[in-house]
Amino acid sequence: MTTLEMKNVSIEFPGVKALNGVDFSVESGKTHALIGANGAGKSTLMKVLSGAYDHYTGEILMDGQALSIRSPKSAMDSGIQIVYQEVDTALIPYLTVAENIMLMDTVHNMGKKQWVNWKQMHSKAATILSEINLTLNTKKLVSELTLAEKQMVLIARAVSKECKFLILDEPTAPLSHTETNELFRIVLELKRRNVGIIFISHRLPEIFKICDEITIMRNGEVVERQRVSDTTQNKVVEHMLGQELGEQFPERSITFGNTVLEVKGLTDREKIKGFSMQVRAGEIVGIAGLVGAGKTEFCKALFGAEGKLVAGEIKVNGKRVSVKNPYEAVKNGLALVPEERRKEGILVNESVESNLSVVNLGRFSKELSFLDRKKEKLVAKALINRLGIKTPSEETKVQNLSGGNQQKVAIGKWLVAEADVYIFDEPTKGVDVGAKKDIFNLIVELASRGKAIIYASSEASEIMGITNRVYILYDGKSVKELETNSTNEEELLFYSTGGR
Amino acid sequence: MEANISAKKKTPTKMSFDLFQFLYKYGTIITIIALIILFSLANPSFIQGNNIVNILRSISIVTIIAIGITISLTVNGFDLSVGSVASLSNAVVISMFVWFSQNTFVAIISAMAAALIVGILNSIMIVKMRIPDMLLTLATMFIIQGTALTYTKGATVSQNMVMPDGKMAEGLISPFFSKIGQVPWIILIMVVVVVVVHIFLTYTKHGRYMYVIGGNTEAARLSGIPVNKYKVAAYLLSALFAAIGGIVLASRVMTSEINSGAPYLMDSVAAAFIGFSVLGAGKPNAFGTFVGAVLIGILANGLVMMSVPYFAMDIVKGTVLAFALAITYYKQK
Ligand SMILES: Nc1ncnc2c1ncn2[C@@H]1O[C@H](COP(=O)(O)OP(=O)(O)OP(=O)(O)O)[C@@H](O)[C@H]1O
Ligand SMILES: [Mg+2]
């Protein structure tokens, strides 16, 4: 058995002490969960361990021997491999699966060889895939893979080298139920082969399902380390937040106003077929369905983002509107918080402040479109407080915020805009339980102010917890409409999987 | 990842960290100051008022055209057709005077209109046909170059030129127009262009939108920004400034040479890109572009003064540019 230890690790970034004297240890052949609120420092700790930073203090030891990990290569050479959450940053899309899996081998082990042996590359890659029981055509281009498959390629790459410890940073956030199970199968397989797994996730049930041990972080420090079997989900949350969570879902209103949004026969070129729905003022309407059922496509079609609606009628406040593009959608009072926040929701290179004002710069403009920077700053500060966004200042680039805080920024910007209809597409993806609660509160508050809310999610518990009514989407079609109060998760799942 | 590793050393290396940060911000400006000192030592007349005005005059056309490129860069585009648009507007404005005996107003408006047509063409092809910016404007560069040549029948247009029918052209360039290209007007025009565009990009809603589009087009679109409109606007503005450059050039030389605008393209591109780093902006910006143009202008002028032979100029010019960029970007990302 091998033990990997981090001792008294600290690291600073301009304006934040991201890690403060952290001790952490894992053993081979175990699955170890690392958990903590957004911005607690999980990803940073793992980046230190995998050699992404060289300006930390503290020690890393393997079986008592000090390791010098200051670059990704030195970490890999010590048998520490990582699969980052943003899989696309680590893959080369126009190369094949085999080339991507064997990338490290090509880069480090070619030695004096100059020629690529294609046959050998494909056979080696195939062997690695079969060793972890994966079936994937090695000749396929990575750009054609699904997210889950891309993740598999990265895991295969990680184990293509000597792999004693494998770090998975929020691997399940974008995966469907089946894909998650497939991932767990691989994790257990690796565990059987004596690999130590470090598993980061915001989904507690998962952790209790597959992890042996758990380390809990808060504000850059480790607050607790336990065997999973010795604790409960509630206790973990308490350690994470430093307080009890209380009721996760806020009280919902049950009286609604007039119909705000009416959709009839919405059909897009690819996925959505004849979707009809209405949402009243103050009502939260869920769009349930499995990953891939077309929830995102529906949200985007409604918002004019796909630009390829073929049929359908949209009425806002009784008036028929044309929503050919997002610009028209916003003008007609719609707002969309998209699922892929890094790609679609935020401007990573801009400050928190300009991210928050971007939707409604008009409000911050004086005569001749000149910007009112003072007002912009003031509103940004207020929003940061109200949403509890963890950031050193309103001028920090959004890139440097942790995942959950980026999501809050993506939601926050629409609060400035004062829309009539808010569309949320998986707003809690990658968000910790505390922040989730904040987001739920926010949504309910919007509803109580008479906004119409559409809430798309593949998490049945969230649909049950926050919506008033729900439409179930299966393969692009609305197969069922249910009152949330008179249904349950089983029924949702039944219709979501095509039952009728 | 790599991005995070660099630049953020802790206390022991605090000094060097600050130094690099400092260089990133002020690298270009330091190079300019160093060059001024160097050239002045070599030849004291370099810093005399006369010569400074000379330098400013010599960079004004480059700066105006580079400002156009800068605007196209803010929306993450790239307008390579500006050089030939400058040629075209140069040809149009001179021919309006010489061939058609028009007044200054008509001449200038026609030149701008010609340029705006190119801008419309560029933006439609880029926005509607989705041709990548650089490729499309490369194509329009050839088309417009050819159009300008065809329009002037491959000849230099000037006062009293011999027309195809054997007669001399009768039109005259108005005395008012000839002022535009002279000091102080030419410098004033440049300063106004830089200041107005700087204010536009930094302090107005529209400027912010353009940067947002350049930063993340998809997020900008989903935020309800009319992305296509702003892209069209960017290419129109870019063509417009190229036209102003061409008009000023026309007034300065009072003729229309073949491809007169082409030599300005590369210097303008260089100025705009050097401008990225000035004062640590990290993105295209009008003031930075001006500083970039100053750097290039000082180099050209100083080298002539030091009697570097013309055929070796580009070697030195390129080397100093690479140096300025090196101290700026070394250790950054
Ligand atoms: N490169 C950086 N520059 C500045 N601050 C940073 C940088 N990287 C991380 N931080 C800060 O360090 C803290 C910890 O971030 P980290 O990404 O480790 O959080 P996390 O626990 O992974 O959260 P999440 O669950 O949201 O992914 C945050 O406050 C973040 O803003
Ligand atoms: Mg993280």
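Summing +1 for each Lys or Arg and -1 for each Asp or Glu among the other residues whose beta-carbon sits under 14 angstrom from that of residue A:61 gives -3. Interface residues of the stretch A:368-404, defined as those with an accessible-area decrease of at least 40 Å² between the chain by itself and the complete set of protein chains (probe 1.4 Å), are A:369, A:370, A:371, A:373. Phi angles across the stretch A:487-500 convert, under the Karplus curve 6.51 cos²θ - 1.76 cosθ + 1.60 with θ = phi - 60°, into 3J(HN,Hα) values of 9, 8, 4, 4, 5, 4, 5, 4, 6, 5, 9, x, x, 8 Hz, Gly and Pro given as x. With all pairs of separate Cα atoms included, the stretch B:126-268 yields a Kirkwood hydrodynamic radius of 18.1 Å. Taking a point 7 Å from the Cα of residue B:183 along the Cα-to-Cβ direction, the residues of the stretch B:50-78 with backbone N closer than 12 Å to it are B:50-59. With distances taken between every two different alpha-carbon atoms, the stretch B:22-164 has a Kirkwood hydrodynamic radius of 18.1 Å.
Kirkwood analysis of the stretch A:147-198, using all unique Cα-Cα pairs, places the hydrodynamic radius at 11.2 Å. Apolar share of the accessible surface for the stretch A:3-241: 49 percent from carbon plus sulfur atoms, 1.4 Å probe. Checked against a 26 Å cut-off, the cross-linked pairs A:209/A:429; A:140/A:436; A:315/A:390; A:30/A:161; A:209/A:271; A:343/A:397 give Cα-Cα distances beyond that limit for A:140/A:436; A:315/A:390; A:209/A:271. Here's the list of lysines a cross-link from residue A:273 could span, going by alpha-carbon distance under 16 Å and ignoring same-chain residues fewer than 8 apart: A:264, A:295, A:300, A:308, A:477, A:480. Working from the Cα coordinates of the stretch B:163-237, the gyration tensor eigenvalues give, after taking √(5λ), semi-axes of 41, 20, 7 Å in decreasing order.
Counted by Cβ distance under 14 Å from residue B:161, the other residues give a net charge of -1, where Lys and Arg count +1 and Asp and Glu count -1.
The Cα trace of the stretch A:283-371 gives Rg and Dmax of 15.5, 48 Å, the first to one decimal, the second as a whole number.
In chain A, the longest principal axis of the Cα atoms and the axis of helix A:177-192 are about 10 degrees apart.
How far is helix A:147-160 tilted, in degrees, relative to the longest principal axis of the Cα atoms in chain A, given as a value from 0 to 90 rounded to the nearest 10? The answer is roughly 10 degrees.
Largest first, the residues A:55, A:108, A:177 sort by 1.4 Å accessible area into A:177, A:108, A:55. Only alpha carbons enter this Debye calculation for the protein assembly as shown, each as an equal point scatterer, and the log10 of I(q)/I(0) it gives at q = 0.06, 0.07, 0.08, 0.10 Å⁻¹ is -0.50, -0.66, -0.85, -1.19.
Please list, ordered by chain and number, the residues whose modelled amide H lies under 5 Å from the amide H of residue A:479; skip anything fewer than 5 residues away on the same chain. Distant-sequence amide H within range of residue A:479: A:472, A:473, A:474.
Taking a quarter of the surface of the Cα convex hull of the stretch A:259-496 gives a mean projected area of 12.5 nm². Solvent-free Debye calculation, one equal scatterer per alpha-carbon of the stretch A:3-241: log10 I(q)/I(0) at 0.15, 0.18 Å⁻¹ equals -1.04, -1.42.
Shown here: the stretch A:325-463, whose C-alpha atoms stretch 48, 34, 27 Å along the first, second and third principal axes, sorted largest to smallest. Angle check, please: helix B:14-42 long axis (alpha carbons) against the longest principal axis of chain B (alpha carbons), in degrees 0 to 90, nearest 10. Once rounded, one gets 40 degrees. Treating r as the C-beta distance of residue B:120 and residue B:52 and R0 as 41 Å, the FRET efficiency rounds to 0.55. Each listed q (0.15 Å⁻¹) maps to a log10 I(q)/I(0) for the stretch B:48-332 from the Debye sum over equal C-alpha point scatterers, namely -1.14. Amide H to amide H, with H built 1.01 Å from N, residue A:223 comes under 5 Å of A:216, A:217, A:218, counting only residues 5 or more places away or on other chains. Within the listed set B:258, B:180, B:33, the Gaussian network model of chain B (springs between alpha-carbon atoms below 10 Å) gives the highest mean-square fluctuation for B:33.
D by Stokes-Einstein for the stretch A:171-285, Kirkwood Rh over Cα pairs, 25 °C, 0.890 mPa s: 133 µm²/s.
The values are calculated or read from the model by the stated rules, or taken from the named source; none is laboratory data. All figures in this text were calculated on a predicted structure; none of them were measured in a lab. Cβ coordinates were reconstructed from backbone atoms using ideal geometry, including for glycine residues, and neighbour counts include every protein chain displayed. Just so you know, the surface numbers come from the protein's heavy atoms only, side chains and all, with ligands and any DNA or RNA stripped out. Shrake-Rupley method; radii C 1.70, N 1.55, O 1.52, S 1.80 Å.
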